[in-house]
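Heads up, the thing below is written out as structure tokens.
The values are calculated or read from the model by the stated rules, or taken from the named source; none is laboratory data. None of the values given here were measured: they were computed from a predicted structure. Here Cβ is always computed from backbone atoms with ideal geometry, including for glycine, and neighbour counts include all displayed protein chains. Each accessible area value is taken on the protein alone, full model and side chains, heavy atoms only, with ligands, DNA and RNA left out. Shrake-Rupley method; radii C 1.70, N 1.55, O 1.52, S 1.80 Å.
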Amino acid sequence: MAANDIKRIGILTGGGDCPGINAVIRAVAKTAMFEHGWECFGIEDAFLGLIEDRIRPLTRWDVSNILTRGGTILGTSNKSDPKRFSVGKDNHGNPIFQDVRERAMENARKYKLDAIVVIGGDGTMTCAAGLIPLGLKCIGVPKTIDNDLMHTHVTFGFQTAVETATDALDRLHTTAASHHRIIVVELMGRNAGWLTLHAGIASGSDVILIPEIPYSLDRICDFCRERMQGRKAFTIAAVSEGAKPVGGEQVVDRTIVDSPDPIRLGGIAQVLQRQMEERLAIESRAVVLGHVQRGGTPCAADRVLATRFGHAAAELVARGEFNRLVVIQNGGLTSVPIEEVAEQQRLVSLDSELLTAARAVGTCFGD
Ligand code: F6P
């Protein structure tokens, strides 16, 4: 489809919210309206709105004054894969799934949407990839505090989450030092350690545990003992929710059966805090940062990134380059096929220069 054939685009936001989503919506819609004269429609609550026909026009005033606002003005959902959509429960309470992709496509046709800009993480891109064979024309924008999307060096929302988590770790540092305690702080990130690694380095956390490096409790306790002998009677441990011991499992908080990614991690901080207190006989506390890391206004870097991503997404639509994800590689904007990021996660590589630097300044990774 050539640029001048585009008249209307849809925008949807899927998966967990994060700072900067509204900044992307604004950049996509303003570029679409001001540069190309297209009409914009907001699809509510991710693919759920496309399935349930909850689609509304977006005017320039709807997308004005939202650059700094956290969350998403369109709402979101992480339980609405049209290919595997929960339509109720059987007699045993198990969800019944249906493929409702055709219904979703009917609604896209009903509103004459020539393309949809899909703002989300790997789960949302997997949903989008499932609709491409049925004719969906989409452009993806990489969103997640986890920073775990393949082929992009950074996702928007990540930098703000790092700032938030770093601020929390800094504050906890003062309590740990004053009370001579161990404080185990649990950060989000699912199976990727990016958020914990960056916030841990930025805050000078003594121990950093990430899912990519299984830890040994003995090694961590030895490290704390050495600190105590060196007159550091406190320790700050920044721990990914997905961290696990050598030969052990991640701690699962709950399973959400109708979510494309049903496992919700959580609880590792309490487990470690008890184990460390018992072994080291030092008063310890566990702190779970949780959804605080996803909230609030985006930092300046995320506002800039979101604006670049949103503009680039609209320009891909204009050039008729569909079914691609806008990405940042080596500081520059480019794009990759959405199918290449679906059902994949980008993890911290064990030869990362970040790990080397952190180890060099004395950080314990539990290995
Ligand atoms: O993917 C973003 C994220 O915040 C993860 O870091 C975390 O594991 C998960 O979402 C939590 O999901 P929910 O909002 O469903 O609790």
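A few notes on this one:
- Two-site FRET efficiency, residue 278 against residue 319, from Cβ-Cβ distance with R₀ of 45 Å, rounded to 0.05: 0.15
- Ranked packing of 256-267, 196-207, 83-94, most packed first, by mean Cβ within 10 Å: 196-207, 256-267, 83-94
- Simple spin-label estimate for residue 34 and residue 96 in nanometres, 7 Å along Cα-Cβ: 5.0
- Over the range 159-295, volume per residue of the alpha carbon convex hull, in Å³: 101
- Fraction of the pair-distance distribution of the range 140-239 above 22 Å, Cα-Cα pairs, percent: 33
- Proximal lysines to residue 89, defined as alpha-carbon separation beneath 19 angstrom and excluding residues fewer than eight positions away on the same chain: 79
- If both residues of a DSSP beta bridge must be in the chain, then about 35% of such bridges are antiparallel.
- Residues in the chain average 42 Å² of solvent-accessible surface per residue, probe 1.4 Å, ligands and nucleic acids excluded.
- Convex hull volume per residue for the chain, taking Cα atoms only, in Å³: 134
- Protein heavy-atom surface of the chain, 1.4 angstrom probe: 49% of the accessible area is carbon and sulfur, with nucleic acids and ligands not counted.
- Size-normalised alpha-carbon gyration radius of the range 282-367, reference 2.2 N^0.38 Å: 1.56
- Ellipsoid equivalent to the range 140-196 - semi-axes via the Cα gyration tensor, in Å: 29, 11, 6
- Backbone N atoms of the range 195-231 closer than 11 Å to the 7 Å Cα→Cβ label point of residue 356 are not found in any residue.
- Just so you know, the Cα atoms of the range 251-312 work out to an Rg and Dmax of 18.2, 55 Å.
- Mean residue ellipticity (222 nm) of the chain, computed from DSSP H runs ≥ 4 via -39,500 (n - 2.57), nearest 500: -10000 deg cm²/dmol
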